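The values are calculated or read from the model by the stated rules, or taken from the named source; none is laboratory data. This structure is a prediction, so every number in the text was calculated from the model and none was measured. So basically every Cβ, Gly included, is an ideal-geometry build from the backbone, and we count neighbours across all protein chains shown. In case anyone asks, the SASA skips ligands and DNA or RNA and just uses the protein heavy atoms, side chains included. Shrake-Rupley method; radii C 1.70, N 1.55, O 1.52, S 1.80 Å.
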Amino acid sequence: MPPQSLKSTNLFKPIKVGSVSLKHRLSFAPVSRFRADEFTPNDLMKKYYMDRATNNGGLLTMESVFASMAGGLLPNGLLICSQSQIDKFKFISDAIHKCGSFASFQIVHFGRLGHPAVLKAHGLPLIGPSAVYADKESENLAKKFGNELKEMTLEDIDTLKKDFLLSAKNAIELAKFDFVEIHAAHMSTLAQFIDINSNKRTDRYGGSIENRARLVLELVDLFIEEFGAEKVGIKFSPYVFSSGGSGADGSIHCIAQYSYIYSELERRAKDGKRLAYVHHLESRIPSFTEMTAPPPEYSSEWVSQIWKGILIRTGGYLSDPEYMSLIADVNANDRTIIGAGRYFTSNPDLPERLKNGYPLTEYDRSKFYSGGKEGYNDWKRYCEEEN
Ligand SMILES: Cc1cc2nc3c(=O)[nH]c(=O)nc-3n(C[C@H](O)[C@H](O)[C@H](O)COP(=O)(O)O)c2cc1C
């Protein structure tokens with residue numbers, strides 16, 4: 001049976017996010033592809049984003065960009081520090097805008113997930129909220145390269161905030177992105193602070209639900225003050241247990257921890273500072289692979305009951321050929337946007353395909369991080385395929 005057209009669902013109704021009006025409610029979720037040169041975007045990247053912005057009119061979120069070199073530095077990752085990095089990002093945001101689409105800029109710090117050898121080569125330590133490795137493999141790697149994990153000092157925390165802020169300023173004020181998205185998902189540093197498995201601190205950044213949430217909320221407040229809440233988004237993944245996360249198995253349940261954070265964001269909203277959006281990873285993706293049927297207690301319905309603003313829900317929505325969860329969730333209210341990651345890599349014209357009920361091209365996991373054009377710039381639009 002051919003896939004159904006989603007034209008008559010809420011997915012193809014326009015929606016206002018911050019001060020921009022999106023033509024539909026499908027957004028490109030951030031998918032790191034590690035194609036950069038010297039931590040700088042290149043023409044391959046520009047083409048990749050332009051292809052996905054063409055005939056779109058929605059929101060594209062860039063793959064994560066490190067807040068600073070100390071933020072982790074993976075080979076072929078990205079920074080927005082130097083003038084040439086800023087200029088190259090502006091080429092990309094200009095290209096997206098020319099196509100009538102909008103761009104959000106995601107900033108990340110990897111903390112304990114940073115690469116010990118790459119950091120060492122730049123004279124940088126491997127740091128995290130506590131000296132607790134994600135797993136034995138990362139411990140062995142850090143020891144092998146003589147860059148063992150250290151607990152962040154209060155000064156390191158201050159530096160992290162300044163680095164996030166500077167990168168965000170470069171992205172919003174100079175590279176002209178519409179939004180900046182704080183990456184607090186997938187056990188990156190901010191999630192490491194939130195998670196009870198990775199945060200064993202005894203100061204004001206650890207020990208209680210409120211203290212573990214302190215850093216991310218401080219950063220949210222800094223961003224609101226600097227850019228206005230309507231320019232700021234944030235991504236969370238409460239159920240993730242890969243990279244040493246506790247998911248739904250921690251001694252503090254993830255719903256308890258994250259409902260506090262979502263309530264704090266809603267409290268700011270009620271004070272007139274509503275973030276542009278909260279981006280929430282569904283429990284179907286608790287790790288690098290997808291659960292087809294997560295247990296019912298892994299529902300994300302509680303999120304909408306707490307956070308009343310725009311909610312981007314991402315994770316496994318396109319794996320079901322009948323799009324049942326997508327239709328139910330996008331039609332459930334007038335403020336849900338569906339994020340798509342993997343299928344946007346292999347279907348540059350994803351909005352058109354979903355609107356018209358065209359079949360989707362399967363993504364190729366082996367090419368996610370493989371470098372070069374292949375599996376990156378060579379995916380066809382439906383009208384270019386031999387049908
Ligand atoms: C190759 C790859 C790279 C990713 N990179 C990022 C990233 O940089 N930032 C982020 O927040 N999520 C990242 N994600 C997660 C996606 O944004 C998304 O949440 C996840 O793929 C689930 O959505 P999907 O089922 O539509 O693919 C990545 C996922 C994949 C497969």
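For region 335-375, residues that are part of a loop (DSSP other than H, G, I, E, B), open to solvent by 10 Å² or more (accessible area, probe 1.4 Å) and within 17 Å of residue 23 (Cα to Cα) total 1. Looking at this structure, is residue 308 open to solvent by 10 Å² or more (accessible area, probe 1.4 Å), in contact with a helix residue (DSSP H, G or I) (Cβ under 8 Å, 6 or more places away or on another chain) and either of a type in the set (D, E, K, R) or modelled with pLDDT of 90 or more (or both)? Judged against the criteria, residue 308 is a match. Being more than 11 Å from the ligand (Cβ to nearest atom) and in a helix (DSSP H, G or I) is a property that residue 327 has. Just one of the listed residues (269, 256) is more than 15 Å from the ligand (Cβ to nearest atom) and farther than 17 Å from residue 299 by Cβ, namely 269.
Yes or no, residue by residue, for (1) within 24 Å of residue 237 (Cα to Cα); (2) among the polar types (S, T, N, Q):
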site: 121; (1), (2): no, no
site: 127; (1), (2): yes, no
site: 137; (1), (2): yes, no
site: 149; (1), (2): yes, no
site: 153; (1), (2): no, yes
site: 167; (1), (2): yes, yes
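The residues of region 229-277 that are open to solvent by less than 60 Å² (accessible area, probe 1.4 Å), among the charged types (D, E, K, R) and over 17 Å from the mean Cα position of the chain (by Cα), listed by number, are 264, 266, 268.
Can you pull out the residues in region 95-117 that are touching a residue at least 60 places away in the same chain (Cβ under 8 Å) and among the polar types (S, T, N, Q)?
104, 106
List every residue pair whose Cβ atoms sit under 6 Å apart, with the two residues 6 or more apart in sequence or on different chains, where the first one lies in region 364-387 and is closer than 16 Å to residue 63 by Cβ and the second, anywhere, is open to solvent by less than 50 Å² (accessible area, probe 1.4 Å) and among the aliphatic types (A, V, I, L, M). Pairs found: 377/44.
Checking each residue in region 202-229 for being polar (S, T, N, Q) and in a helix (DSSP H, G or I) picks out only 211.
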